1. With respect to the numbered conditions (1) at pLDDT 95 or above; (2) under 21 Å from Ser266 (Cα atoms); (3) open to solvent by less than 40 Å² (accessible area, probe 1.4 Å); (4) under 21 Å from the mean Cα position of the chain (by Cα), which one is the sole condition not fulfilled by Gly302?
2. Could you please find all residues in the stretch 208-224 being over 20 Å from Ser240 (Cβ atoms), over 17 Å from the mean Cα position of the chain (by Cα) and modelled with pLDDT under 90?
3. If Ala27 satisfies every condition in (1) assigned to a loop (DSSP other than H, G, I, E, B); (2) open to solvent by 30 Å² or more (accessible area, probe 1.4 Å); (3) of a type outside the set (D, E, K, R) but one, which is the exception?
4. When you scan the stretch 51-68, do you find a residue that is in contact (Cβ under 8 Å) with a residue 40 or more places away in the chain, under 21 Å from Leu180 (Cα atoms) and touching a Lys or Arg at 6+ places or on another chain (Cβ under 8 Å), even just one?
5. Go through the stretch 199-245 and count every residue that is touching a residue at least 60 places away in the same chain (Cβ under 8 Å) and open to solvent by less than 40 Å² (accessible area, probe 1.4 Å).
6. Quickly run through the stretch 306-323 and pick out the residues that are more than 26 Å from Val230 (Cα to Cα), free of Cβ contacts under 8 Å to residues at least 40 places away in the same chain, surrounded by 17 or more Cβ atoms within 10 Å (Cβ to Cβ) and not charged (D, E, K, R).
7. Across the stretch 115-136, which residue is nearest to the chain's Cα centre (by Cα) among those that are β-branched (Val, Ile, Thr) and surrounded by fewer than 20 Cβ atoms within 10 Å (Cβ to Cβ)?
8. Quick check: is even one residue across the stretch 8-19 of a type in the set (S, T, N, Q), modelled with pLDDT under 95 and surrounded by fewer than 19 Cβ atoms within 10 Å (Cβ to Cβ)?
Amino acid sequence: MAASGMADFGPDSLDRTLQPEDWRPWATSFDGPGAADDCALSGDVIVCRIRDEETRQTRLEARDASDGSRLWGYPAEGVPTGLFGVSGLDVDDRHAYVTAADGDGFEVLNLSDGKPVARLPGRTGYDPVVARVHDGRIFVSYAGGGGAGSAANMLFRAYDADDRTQVWERVIPWAFPPSLDVVGDRVWLTGSQETLTLDPATGKTLAEAPWNCDRRIRSAPYDVCGGFIVDARSLRKVGSTRAMPPEVVSRDGLLFVEGEGLREGSRYIQAIDVRSGRELWTAPWTRGDSVVVAGDRLLTFGAGGVRAFALDDGTEEATLDNIRNWPRKGGAFDGGNAQPTTVLVSGGACFLTFDDGTVMTAPVS
C-alpha cells in the first residue's frame, strides 16, 4: 500500500516485478472538474480524492493502476452529500475507508467496485474527519461540535478491520482530529496542548510531550517538534540538534530539510542524520517540488521532471526531463513542466496527479 501523505515508499518500491499485472505507462483525466489532493494505491487500484475548488466539494474516483481505466466513484452520481463532500481516505488490500457522503460516520467501500460494505457509525455532536487502517485495525477521528461534544472534545475510536466491532473509544480534549496517524506500532496525534502516542490495542497513552507538532509526513519514524528532532513513537528528543520541519524522512533515519540560501546558484535540500544532526549531503531542489524516498534513491518531481539521487551519498543518478504526457504549466505548450499535486511510487513506477485533472504513470527505475 502506498499513500500520497507518505515520504518513504519502502525498500521494494523500485522493484518492477511488483508492478500491477499488464502495467504500462498511461495518462488520462479524472471525470468531472477538480484535481486530486490525496491518493492511495493498493494492488492494481489507485483511489484519489478529487477537490472541485469552485464548489468546494470532494469525491473519490478509483482507476485501474495497470491502464488508467475508471473503476468507480463515490458518492454515486446524484447522491446528496454533506457540506464539503468526503475526506480522510485510506485503503488496505480489500477496502477503501472514507467519511460517509451523508456526514454520518465512515463508509467502508469494496476496493474493486466501490460498493459500500459497512458503515462505522458516527456520534451525535461529532463530525467524522480521518480514517487510518493498520495491522488489522481501523482508527478514526471525529471533531466535536455542538450537542454531546464540544469544540474542545475530540473523539477517537478503533475498530477491528475484519468484523468492524469497536475495540476502544477515547474523548481527548484539545486534540486535532486531522492529525491522526500510525507510526510503527503506535497511534499518533497532536493538539494545542500536547502530542500523544497511544496503544493501538487499548487506546491508552504510551507517551506524551508538552508541545504541538505540525506533522506533515505520514508514518514518518522521526519528526521535528518544537524545533528538535524527536522519535515519533516515544516522543523523546534525538540528540540536541535543532532543525526545520522536514520535507522527507526516510525509514533509515535521514531527515531532508530545505537548506538556507543558495548553493551553486540553486536552492537545495539537505540530508541530515537524525542521530548526529550532521549534514551528509545536499541536492539541488526547487521549492514546491515533491520529494520522496523510494528504495535506495531520493526522487524529486517538479518543473525539472524527475531527478534521482543515491540515498547514501547524494550522487545524481538520473534525470528524466522529457516524460511523455507530463502536463505543462497552465496547459501552455511553451510553459515549463507542471508540479504534481500528489506522488506515489510503487513497482518501479510513479503515479502522479496534477492541477489540470491529469492522472498519469511512468517508469522511474
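The values are calculated or read from the model by the stated rules, or taken from the named source; none is laboratory data. Note that this is a predicted model, so its numbers are computed, not measured. Virtual Cβ from ideal backbone geometry, glycine too; neighbours counted across all protein chains shown. Just so you know, the surface numbers come from the protein's heavy atoms only, side chains and all, with ligands and any DNA or RNA stripped out. Shrake-Rupley method; radii C 1.70, N 1.55, O 1.52, S 1.80 Å.
1. (1)
2. If the condition is that a residue be over 20 Å from Ser240 (Cβ atoms), over 17 Å from the mean Cα position of the chain (by Cα) and modelled with pLDDT under 90, then Asn212 is the only one that fits.
3. (1)
4. Yes, because at least one residue in the stretch 51-68 is in contact (Cβ under 8 Å) with a residue 40 or more places away in the chain, under 21 Å from Leu180 (Cα atoms) and touching a Lys or Arg at 6+ places or on another chain (Cβ under 8 Å).
5. Result for the stretch 199-245: 4.
6. Answer for the stretch 306-323, where residues must be more than 26 Å from Val230 (Cα to Cα), free of Cβ contacts under 8 Å to residues at least 40 places away in the same chain, surrounded by 17 or more Cβ atoms within 10 Å (Cβ to Cβ) and not charged (D, E, K, R): just Ile323.
7. If we take residues in the stretch 115-136 being β-branched (Val, Ile, Thr) and surrounded by fewer than 20 Cβ atoms within 10 Å (Cβ to Cβ), then Val117 is nearest to the chain's Cα centre (by Cα).
8. Yes, the stretch 8-19 has at least one match.
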